[in-house]
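A.B. asks: Sharing a structure here in structure tokens format.
Quick note: the coordinates plus some simple rules give every number you see, no bench work behind them. What you are looking at is a predicted structure, and each value in this text was computed from that prediction instead of being measured. Backbone-built Cβ (ideal geometry, glycine too); neighbour counts: all protein chains shown.
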Amino acid sequence: MTTAAHGLPVEYFDGHSAQACPAWLSVEGPDLVIWVADPGTDGESGHRQERLRTPWRKLDWPDAGLSTQRMLHLPQGGMVCSHLRTQWDDWVKVHQPHTLSWVHRAQTSLRFALLSVAIVVPLGIAGLVWGVPWLGEAVVDKLPPDADVMAGEAAEKSLSQLGFGPSKLDSAVQRRWQQAFQASVAQSGVSDGFTYRLRFMAAPNAIGPNAIALPGGQVIVTDQLMALLDKVPEHDREDALLGVLGHEAGHVHHRHGLRTVVAGSAAGLLVSAWLGDASTLLAAVPTALATLAYSRDAERQADQFACQALQRQGRPTRGLMTLFQLIDQSVRDAKEVKAQEDSGSQLIWSTHPPTPERLATWARCAVPSKG
Amino acid sequence: MPTDTAMPAGQDQPTSTAPAQGSDMRRLRAGPGQFAPMSRQSSFLPLKMKVVDEAGQAQEWDSWRIRFTGQGGEYFKLWMVNLLLTVATLGLYYPWARLRKLRYLANATQLDGHSLQFHGKPWPLLRGYLLLGALAFAVNVAVQISRPAALVAIGTMVLLTPALWRTALRFRLANTSWRGVRFQFTGSWAGAYLPFLVVSGPAWAFAAVLATASRHAPAHDNFETLLIQTGLGSFMGICIALTVLLVPAGMFLLKRYQHSHYRFGQWQTQYKGTLASFYKPFGMLLIGACALFILFFLRDVLARSSSTGLVLSSTLIALVSVLAMLVYYISVVPYLKVAQFKAAWGPTLTPDQRVNCNLQVLSFVLLTLKNNLLTGITMGLYWPVAQMNFLQAKVESLRIASRVPLSEAVAQMQAQDIESSGEAAVDLFGIDFGL
């Protein structure tokens, strides 16, 4: 069977041999027909025979061949391909009602790519700024309080490795503070299913004068912090330490431990989705920055909690502010860092909000002064 | 049985002559779509490459450089739109996105004027991803339930990994074709497990010894006290050191398994690489690490003896460690990649074909530096372009020599049968023909 000389010249591969066979494409009604040259001819003057006929509607016209040759995979196996891109495209336009998918058109248009950047980049940033913290809160809300308790127990076991040791504080003093803490918890009326407990430990080489909260309710105060507390005027001491404990209780109440874990891994996922399998070093920096930002937010929330707790107990924040300044000073002394107040670079690399901001928070905390 | 003398001659230096390389470059710039078949054929004349055949005879075979025509700009658009659609569909579009990427990369890889084709279908791919996702989820849940459940889940994951890896290789190869003929991966289950077994050997030994010892140990509440009670601390150290020392051997076995089971038509690849070619770069790194360690030690001693030592050392430590990390990422990592790439591809051959790889360490290090710098500056927007640069450097360093025209390849199985052999559409990251 022969046909007219026109038809799109292509190379035909039968899927069995890697030998190219010169062929021509034509469309006859619903069918795509592949013609090859009659034996002994070059097929140019119309001496062609039908090789294959297949409904073109069912063909999977690949459209990702952006910069390379044009090709069409055949359902029987094998393919046709052409290096004459323009000729192929023109022929498809005239003979083939098949239209390129809109995804293909989007993927070859610079305008659409830039539009994608304009959508994806702000979306990613919004995801990091609001989405991930929201996810952390939503996921942790679904978890029972037991999850915090378990995480707290695991953290407690690792304390000794982190340089925490038994407290050298007088046990009577310990008991007095523990009773004061229990009374203040009861007074601030927190009911969240956690059992708040106060414990003293020595941590000269770990965190120095500081306090930490373990998920599930355990609050640990270091002997070094108690030493600093002695420098606070005596009538402010109870307010000061209960303020610090209120801050730590805020971490427990808002379940910051678990939220950090969830938000940290979600941020890591988001960043690696953006940077693909790019170098881990490149992905680590934005993840770290985001995690630090979440940490500062958690500290702000805990500061607020401390404020409200003190307010409910009718205590002023003056003692807390004094103690806080002492802690801040001792940290500066230890690091031999000269005062470079909240410069931008310091802010983004910090786990805590800048000192002046925190002091302002507590100063705003209007409380009727005691007695 | 072919011996090492059957390796391509002049494996370490490019065999192409300068003028021929020049014409190659011109063709690259002109772009592939602009040639009529006649002019295309004349400009794709192969170069002669010196080869020692299996009988030990020096011969000159035709050879073709593999070309990579992927362009940063094009790939950027593809990547960006893929990302948008994946985000917009909450990840469900991912198999389609992945498919578009794989098709583009296959199309961009050309040998003797024809590009590779990728035939994977989206729905099986989605099923594969859902399966992997379910597995990962199950492991995650199990880890949180209890320690025995976590051990069982992680153990299952570890035991499944080689099988998944083999399945992914079969899927990838079976769905790739050149000139209408499918590739195949013919490796066995057992072969896939060998490299993993070798590397994890010390870990199994330690687990077995620890399990026996802990039965007689008094009650313990954590791993550390158990280690102290059983006195197995130093044994664990030895096992860790052994594992590190076995990594190059594992890598060699992995590459040997991979590169001796590719099949195209009647041609089945063989791998003639040596264990030494994997230990050599590793040894050099070890020497470098020792030198660094001594340097740190000396600096520490000096810092302690001076009065301002403490301040100086904390700033220095930060500076030196950041520098060391940068040096590691832009020189050690690319050096290892190049060494491994050459050790994997150079000694890969079939009775009728040889591979020559001339990837240069220095140019690859410079490329890594440039790519990382620009990716960092553009907050990741340069990454797709960087990826194209990396792939081009790697793919185009390969040259295939063949005793017979490559068009003599004849499929030994129907495409459908090959495809169904790789039917379990498991797609793992990082399996790009080992590129």
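A.B. asks: Can you give the average number of partner chain beta-carbon atoms within 10 Å of each beta-carbon in peptide A:71-83, as a whole number?
C.D. replies: Rounded to a whole number, the mean comes out at 5.
A.B. asks: May I pose another question? Let a ≥ b ≥ c be the square roots of the eigenvalues of the Cα gyration tensor of chain A; is it rounded (a/c under 1.5), or, if not, prolate (a/b larger than b/c) or oblate? Numbers along the way, then the final one.
C.D. replies: Numbers: a/c = 4.12, a/b = 3.84, b/c = 1.07.
Here chain A falls in the prolate category.
A.B. asks: Partner chain Cβ atoms within 10 Å, averaged over the residues of B:85-98 - can you pull that number for me?
C.D. replies: On the way: counts 4, 2, 8, 4, 0, 0, 1, 0, 1, 1, 0, 1, 1, 0.
Averaged over the peptide's residues, the number is 2.
A.B. asks: Using only Cα atoms and rounding to the nearest 10 degrees, what angle (0 to 90) does helix A:171-188 make with the longest principal axis of chain A?
C.D. replies: The angle comes out near 60 degrees.
A.B. asks: As a check on your grasp of the helix formula, calculate [θ] at 222 nm for chain A: sum -39500 (n - 2.57) over DSSP H runs of n ≥ 4, divide by the residue count, round to the nearest 500.
C.D. replies: On the way: 13 runs with 186 residues, N = 371.
Mean residue ellipticity at 222 nm (helix-derived): -16000 deg cm²/dmol.
A.B. asks: Then there is this: Rg to Rh for the range B:165-290: what is it, with Cα atoms only and Rh by Kirkwood? Present the calculation step by step, with values, prior to reporting the outcome.
C.D. replies: Values: Rg = 20.5 Å, Rh = 17.6 Å.
A ratio of 1.16.
A.B. asks: Taking springs between alpha-carbon atoms closer than 10 angstrom, which of A:107, A:325, A:187 fluctuates most in the Gaussian network model of chain A?
C.D. replies: Of the options given, A:107 has the highest mean-square fluctuation.
A.B. asks: With a 10 Å cut-off between alpha carbons and a GNM built on chain A, which of A:19, A:179, A:329 moves the most?
C.D. replies: Per the Cα network of chain A with a 10 Å cutoff, A:19 tops the list.
A.B. asks: Hey, another quick one. Given a cut-off of under 8 Å on Cα pairs at least six residues apart, what relative contact order in percent is computed for chain A?
C.D. replies: Details: 507 pairs, mean separation 43.2, N = 371.
Computed value for chain A: 12 percent relative contact order.
A.B. asks: For chain A, list the cysteines whose Cβ sits under 4.7 Å from no other cysteine Cβ?
C.D. replies: Here A:21, A:81 come out as lacking a disulfide-compatible partner, given the Cβ-Cβ threshold of under 4.7 Å.
A.B. asks: According to the Cα gyration tensor, what semi-axes, each the square root of 5 times an eigenvalue, does the equivalent ellipsoid of the range A:232-278 have, listed from largest to smallest in whole Å?
C.D. replies: Details: eigenvalues 323, 24, 4 Å².
Output for the range A:232-278: semi-axes of 40, 11, 4 Å.
A.B. asks: Give me P(r) over the range A:145-299, computed from all C-alpha to C-alpha distances, binned every 5 Å, as integer percentages.
C.D. replies: 2, 8, 15, 17, 18, 15, 10, 6, 4, 3, 1, 0
A.B. asks: Right, next: With θ set to phi - 60° and the Karplus curve 6.51 cos²θ - 1.76 cosθ + 1.60, what are the ³J(HN,Hα) couplings of the range B:354-360 in order, to the nearest whole Hz, using x for Gly and Pro?
C.D. replies: 10, 10, 10, 10, 10, 5, 9
A.B. asks: Using a Förster distance of 51 Å, how high is the FRET efficiency between residue A:141 and residue A:171, based on the Cβ-Cβ distance and rounded to 0.05?
C.D. replies: On the way: r = 39 Å, r/R0 = 0.76.
Computed FRET efficiency for residue A:141 and residue A:171: 0.85.
A.B. asks: Further, regarding this structure: Stretched out fully, how many nm does the piece from residue A:352 to residue A:285 gain, at 0.36 nm a residue minus the Cα gap?
C.D. replies: Between residue A:352 and residue A:285, full extension yields 22.3 nm more.
A.B. asks: Set the Förster distance to 41 Å, then compute FRET efficiency between residue A:182 and residue A:292 from the Cβ-Cβ distance, nearest 0.05.
C.D. replies: 0.75
A.B. asks: Order these peptides, A:126-134, A:237-245, by their mean beta-carbon neighbour count within 10 angstrom, highest first.
C.D. replies: A:237-245, A:126-134
A.B. asks: Let a ≥ b ≥ c be the square roots of the eigenvalues of the Cα gyration tensor of the range B:38-148; is it rounded (a/c under 1.5), or, if not, prolate (a/b larger than b/c) or oblate?
C.D. replies: Oblate is the answer for the range B:38-148, as a/c is 1.5 or above yet b/c matches or exceeds a/b.
A.B. asks: Calculate the length of the line joining the C-alpha centroid of the range A:74-150 to that of the range B:73-142, in whole Å.
C.D. replies: The distance from the Cα centre of the range A:74-150 to that of the range B:73-142 comes to 10 Å.
A.B. asks: On a 0 to 90 degree scale, rounded to 10, what angle separates helix A:237-253 from the longest Cα axis of chain A?
C.D. replies: Rounded to the nearest ten degrees, it is 30.
A.B. asks: What's the Kirkwood radius of the range A:133-237 in Å, using all Cα pairs? Write down the numbers at each step before the final one.
C.D. replies: Numbers: mean 1/r = 0.0653 Å⁻¹.
Evaluated over the range A:133-237, this radius sits at 15.3 Å.
A.B. asks: For the Cα atoms of chain A, what angle does the longest principal axis make with the long axis of helix A:355-364, in degrees from 0 to 90, nearest 10?
C.D. replies: Roughly 60 degrees between the two axes.
A.B. asks: Report the local net charge at residue A:195: Lys and Arg +1, Asp and Glu -1, summed over other residues whose C-beta lies under 15 Å from its C-beta.
C.D. replies: Once all neighbours under 15 Å are counted, the net charge is -3.
A.B. asks: What FRET efficiency comes out for residue A:227 versus residue A:308 if R0 is 22 angstrom and r is the Cβ-Cβ distance? Round to the nearest 0.05.
C.D. replies: 0.20
A.B. asks: Further question: Among A:271, A:103, A:232, whose mean-square fluctuation peaks in a Gaussian network model of chain A (Cα, cutoff 10 Å)?
C.D. replies: It is A:103.
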